Amino acid sequence: MDKYSKVQLVLIYSGIAIFLTFILLPFFEMFMTSLRPLDHLFRAPYQFWSDDFSFEAYHKMWETVPLLGRYIWNSIYISSMVTLITMILIIPAAYAFARLDFPLKNVTLSMFLGVNMFTGAVLLIPLYRVLRILGLLNTYWAMIIPGVAFLIPTGIWLLKPYFEKIPRELEEAAFVDGAGRLYMLGRIILPLSTPGLIVVGVAVFIGAYAQQFLFAITFNQTREYQPLPAGLYEFIGYQTVTWNEMMAAALVGVLPVMFVFLFLQKYLVAGLTAGAVKD
Amino acid sequence: MIVKKSKLDFYPYFLLAPSLIFILVIVAWPLIETFRLSLTDARLGGESYVGFENYQELLEKKKFHRVITRTFFWMFLSVGLKILLGLAGATLLNAAVPGRALFRVLVMPPWVIPIAIGCIGWLWLYNSHFGLLSGIAQRIGLIDGPFGFLAYKTPAFYSAIVTDVWVGTPMVTIFFLAAMQGVSRDLYEAAWVDGAGRWHRFRRITIPQIMPVIVTMSLLSMIWTFNSFEIIWILTEGGPRGATTTLIVDTYKTAIGNWKFGEGAARAVIIVALLGIFSFFYYSLIKKLNKFEERE
């Protein structure tokens, strides 16, 4: 096919540069802010470059907000628990939708997908009451359980295609050998769909990680259980906001997850989009 | 069929039961409860049945009409931009140029990090005295003094849109990119042999081929954008003077901020109803598209 001319190449790279500038600008600004001493942050007129950049904020942030490490861990812990529980719930459900025929199948499936229409914000008031009745307010569960509920539909939708891809013959052979149905799910279907399980697991994790702020500020008052996005607000003091430390903490806080994501992104993107493109 | 067909097979329901029960307790029951609350004047103190009074009040309120108009404007503008930017981004990242593997990874961070953390970055970018945007605008002489992007009604609204687009674009881009890569190369080569230029191939091959994904993503994106709460709440809390108050923010302010559970619930029910209409269009559109594909 035709090759790009020099002009076209320049246009493509400029386009990519503009696009990536938009995407990465906040990260760049957060990083630059984290390097500036606090009194220089509040210096007008705005300076693009200071000669006193330092990594001081990265040391001091742990003192300003002593629980910072805990918050970073909480974020990961809450998302991991959401992922674990969601996976346990959606594996049998996605399998049923992918492989079995039963009355009301389509109705049930659209009911699940219908949940996609809401976000937690719509149901906050009664959710608050449900969690209070269950005695879960101000615990990790107050953030885990709503997280799971709103990720189940997406999870089923993403996982179903992977189960559909497994050849039926394998199940038939096992059935002839006298394998039980649960045994079949556990020993044949699951091992064969490991790549899909990883993709959906990571996608659920990202979903849980990205959206814990609302549940945290509404259902949890216990500081020790707060996830990172809510915990960052402690950098907002009565007198000043230590913006530089807040930015440093935000960047360091998302680092572990970004790191894991970098390793998995190739599989994730290929797998995530496979389901969507098919539909 | 391999599995014996007895008349009543509970196995599928047994497999579905855990997630079904979860959804019933955490989503369906609160939904019914929201509707019940919307017919009361529930506050912190107690509640009594008032019928459809909350709805009547809302429908008569000019302010609420503006909230609804604003929400739809917010949704269409933001989703439109996300789709356009996503298409442009995916097309650029799909170009066979050196470095594209790296560029594709660099698009993803806003999608992977907590929304609230990205918003904190934008909050500082928009700062009047110390933010980069105001700084650049002053330096190149666009404005005389510091400019608070979130301090005035119109700029605050469009600033919130920009941030919402920033949060939503990476995922749209990635899905479009994957769809573009799924388009058969033979189609392009045949068109190229026939002398079709790049723009022509984009319009006549790429767009029609990825149309199902565009439709799916647009509608999913609409639902998410309609309910986009954290971004507005962190940037402006719905202000200044209500300029960024969309339905979801109004619901939160009424129910959680002012403890008017009944009136908040009525707003929540209106959200669900409006989105229900949307999902109806969503399903019928997908069905139409599938039929269209089958015919070809």
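Data overview
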| item | result |
| --- | --- |
| Förster radius 25 Å - calculated FRET efficiency between A:V7 and B:A196 (Cβ-Cβ, nearest 0.05) | 0.80 |
| Per-residue Cβ neighbour rank within 10 angstrom, fewest leading, B:Y126, A:Y140 | A:Y140, B:Y126 |
| Top of A:I16, A:I166, A:I76 by mean-square fluctuation, Gaussian network on chain A, Cα under 10 Å | A:I16 |
| CD proxy at 222 nm, helix term only [per DSSP H run n ≥ 4: -39500 (n - 2.57); per residue of chain B; nearest 500] | -22000 deg cm²/dmol |
| Mean Cα-pair separation over length for chain B, i.e. relative contact order, pairs under 8 Å, 6 or more apart, % | 26 |
| Using a Förster distance of 51 Å, the FRET efficiency for B:K62-A:L262 (Cβ separation, nearest 0.05) | 0.50 |
| Helix A:243-278 axis, angle to chain A major axis (alpha carbon atoms, nearest 10°) | 30 |
| Peptides ranked, highest mean first, by Cβ atoms within 10 Å: ranges B:68-74, A:230-236 | A:230-236, B:68-74 |
| Packing-based ranking, highest mean first, of B:263-273, B:194-204 given that Cβ atoms within 10 Å are counted | B:263-273, B:194-204 |
| Estimated D of the stretch A:64-278 in µm² per second, where Rh is the Kirkwood radius over Cα pairs and Stokes-Einstein applies at 37 °C, 0.692 mPa s | 172 |
| Two-decimal Rg/Rh across the stretch A:137-188, once Rg and the Kirkwood Rh are taken from alpha-carbon atoms | 1.24 |
| When the protein assembly as shown is reduced to its Cα atoms, the Kirkwood hydrodynamic radius in Å | 25.7 |
| Entries of B:K63/B:K287; A:K160/B:K291; B:K82/B:K153; B:K61/B:K253; A:K160/A:K266 with Cα pairs more than 27 Å apart | B:K63/B:K287 |
| Cα Rg over Rh - the stretch B:75-211, Kirkwood | 1.09 |
| Selected from B:F76, B:F130, B:F226 as most flexible by GNM, with chain B as the system and alpha-carbon contacts under 10 Å | B:F130 |
| Range of Cα positions in the stretch A:211-272 per principal axis (Å), largest first | 47, 29, 16 |
| Shape call, the stretch B:130-270: gyration tensor on alpha carbons, a/c limit 1.5 | oblate |
| For residues of A:257-269, the mean tally of beta carbons on other chains within 10 Å | 3 |
| Amide H contacts under 5 Å for B:G239, placed H, 5+ residues apart | B:T244 |
| For q = 0.20, 0.24 Å⁻¹, Debye-computed log10 I/I(0) when each Cα of the stretch A:1-74 counts as one equal scatterer | -0.96, -1.09 |
| Rounded FRET efficiency, nearest 0.05, which uses the C-beta distance separating B:V105 from A:S14 and R0 of 22 Å | 0.65 |
| Prolate/oblate/rounded call for the stretch B:1-145, Cα gyration tensor, a/c under 1.5 rounded | oblate |
| By average C-beta atoms within 10 angstrom, highest first, the peptides A:142-148, A:79-85 | A:142-148, A:79-85 |
| Gyration tensor (alpha-carbon) shape descriptor, chain B, a/c threshold 1.5 | oblate |
| For B:T40, residues with placed amide H under 5 Å, excluding near neighbours | B:V50 |
| Shielding score for A:21-31, defined as the mean number of other chain Cβ atoms within 10 Å | 6 |
| Once the Cα gyration tensor of the stretch A:110-158 is diagonalised, semi-axes √(5λ) in Å | 22, 12, 8 |
| Shielding by other protein chains, A:225-232, mean Cβ within 10 Å | 3 |
| Gaussian network model of chain A, Cα within-10 Å springs - most flexible of A:R36, A:R223, A:R181 | A:R181 |
| Karplus-derived HN-Hα couplings along the stretch A:118-131 (A = 6.51, B = -1.76, C = 1.60, θ = phi - 60°), whole Hz, x at Gly and Pro | 9, 10, x, 4, 5, 9, 4, 5, x, 4, 4, 5, 4, 5 |
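Computed from the coordinates by the stated procedures, all read-outs in this text should not be read as laboratory data. Predicted, not measured: the structure shown is a model, and the values here were computed from it. Don't worry about glycine lacking a Cβ; one is built from the backbone with ideal geometry, like all the others, and counts go over all protein chains shown.
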